[in-house]
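Notes to accompany the following structure.
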């Protein structure tokens, strides 16, 4: 695993917290998806554009998540995306969430994405995407 | 306004609360939509079925909501739907949310729904639906 | 009503859309709350800080919303906040949502916020906040 | 692993779907939490009651999820909870989501819950809960 991870900032609002006073656990998955979306957009694969122009979707098929410490209201978080590997139709990423300017990880996850065509069947990753991923692993 | 309101029970889980210890305000709109969905399903207009078989969607175009008192984690709520009136392409409903077996209203709302065709244009309410609504106003 | 509205950008992600292909209606309330939070933060009233240091919360007590046109996946939205007026314990705001660089309003809303103390009772707006609002109406 | 799993029904509403036409992936975590909450409630450990009377919270610390097939609008799902094991302060569960009266699993997950005291530190599982779990493994 080489290359610098992509990072994306996320601010925590009331909508994402719960009565325990912390971010509700499923919302970290939303935060990680925002970072993946921006990472893909930066590579030229905006999700809506992909769907419209290529009939291509990316779906999460597997996720392993460690919830190490909670984020709180008004925190500014840094969500990272790092490529671990890829196959014909899938990409495996490592993602983490930290508070801005802190080292401690709040969330650590491994995420597998599969490319789907418009009938929801696995399909090859686009060649241009593979070439960019090549440089990143 | 006559006829008994339709009522639907909703249990409050952590996902719906916020760091203030109460239900996050936008989630009451979800609770009210669940009740409208079940009310329509009971009239024979399940939303997915409508979309597939008739190319028909119902969209909220206007809402006035009074947030009178908060609901809390583990509360069992009663969400009501009562028809106020209807036009060619729209329905106006009164909705309220109470705790089960309490009189006090937590939420009171007036909601206007419009029937849309599959190009998202307003379209006449189905005749069978109008006939059922006729009896309910 | 004078003064320029405060505006805050919001990007639409998959989490906020629904099977109709557009933003799910209750999520516009979240977008409007993000803009209000940033508006208050800009005035020196960050919500978490207010809660911790002053035992002060802001709660929505009334909202009138017009859903004029839908936002879609990947849209960049501009959410505005404009002060309409204030009383001892409450603030009334006008909010709208547009697509970036479009004039058409997708959402238009009037929102009343009430200041609450830590026992959830209405309480006077802080004097410093009132003075800033004074200049803004 | 013995004993019958606990099962809880969940209906899919618009709020839980996304523009791909299926349930948004993070919402399966909410569905699984609803089932865990009802499982615990059935054992006499309602979450709000635990928090108020015992200062006890349950937090997810690790989750491995396989997203095998998507659920859709209006589906009635069956969410299961089965105890895999427990330690002094934690419980490990297997959870799955299926469509009602179908065998195929849509979601399969392993979830570790930790008991936390009111300072968010791990704490022993209550003795009465352990005795009930004893019978269930």
Hey, any hits in the stretch D:79-87 for a residue that's within 11 Å of chain A (Cβ to nearest Cβ), out of contact with any helix residue (DSSP H, G or I) (no Cβ under 6 Å at 6 or more places or on another chain) and without any contact (Cβ under 8 Å) to a residue 12 or more places away in the chain?
no
Exactly one condition in (1) at pLDDT 95 or above; (2) more than 23 Å from residue A:134 (Cβ to Cβ) is false for residue A:110; which is it?
(2)
Looking at the stretch A:52-68, can you tell me whether even one residue there is within 10 Å of chain C (Cβ to nearest Cβ) and in a loop (DSSP other than H, G, I, E, B)?
no
Subset of the stretch C:1-15 [under 14 Å from residue A:47 (Cα atoms) and buried (at least 18 other Cβ atoms within 10 Å of the Cβ)]
C:12, C:13, C:14, C:15
Output the number of the condition that residue A:76 fails; it satisfies all remaining conditions of (1) surrounded by fewer than 17 Cβ atoms within 10 Å (Cβ to Cβ); (2) more than 14 Å from chain C (Cβ to nearest Cβ); (3) within 30 Å of residue C:50 (Cβ to Cβ).
(2)
Matching entry among C:104, C:112, C:34 (being within 30 Å of residue B:114 (Cβ to Cβ) and surrounded by fewer than 17 Cβ atoms within 10 Å (Cβ to Cβ)):
C:104
Identify, please: which residue in the stretch A:40-51 is farther than 13 Å from residue A:81 by Cβ and within 11 Å of another protein chain (Cβ to nearest Cβ) and is, among those, surrounded by the fewest Cβ atoms within 10 Å (Cβ to Cβ)?
A:49
Filtering the stretch D:11-50 down to residues that are touching a residue at least 12 places away in the same chain (Cβ under 8 Å) and over 21 Å from residue A:28 (Cβ atoms) yields D:11, D:12, D:13, D:14, D:21, D:38, D:39, D:40, D:42, D:43, D:44, D:45
Can you tell me which residues in the stretch B:69-81 are over 18 Å from the mean Cα position of the chain (by Cα) and assigned to a loop (DSSP other than H, G, I, E, B)?
B:69, B:70, B:73, B:74, B:75
Could you say whether any residue in the stretch A:56-73 is out of contact with any helix residue (DSSP H, G or I) (no Cβ under 9 Å at 6 or more places or on another chain) and under 23 Å from residue C:12 (Cβ atoms)?
yes
Residues (more than 9 Å from chain A (Cβ to nearest Cβ) and either more than 24 Å from residue C:63 (Cα to Cα) or modelled with pLDDT under 95 (or both)) located in the stretch B:14-38:
B:38
Which ones in the stretch D:99-114 are more than 14 Å from the chain's Cα centre (by Cα) and part of a strand (DSSP E or B)?
D:99, D:105, D:106
Output yes when any residue across the stretch D:63-77 is touching a strand residue (DSSP E or B) at 6+ places or on another chain (Cβ under 8 Å) and under 18 Å from residue D:6 (Cα atoms), and no when none is.
yes
It is to be established whether one or more residues within the stretch A:26-38 are in contact with a strand residue (DSSP E or B) (Cβ under 9 Å, 6 or more places away or on another chain) and assigned to a strand (DSSP E or B).
no
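The values are calculated or read from the model by the stated rules, or taken from the named source; none is laboratory data. Everything numeric here is computed off the predicted structure, so don't read it as measured data. Don't worry about glycine lacking a Cβ; one is built from the backbone with ideal geometry, like all the others, and counts go over all protein chains shown.
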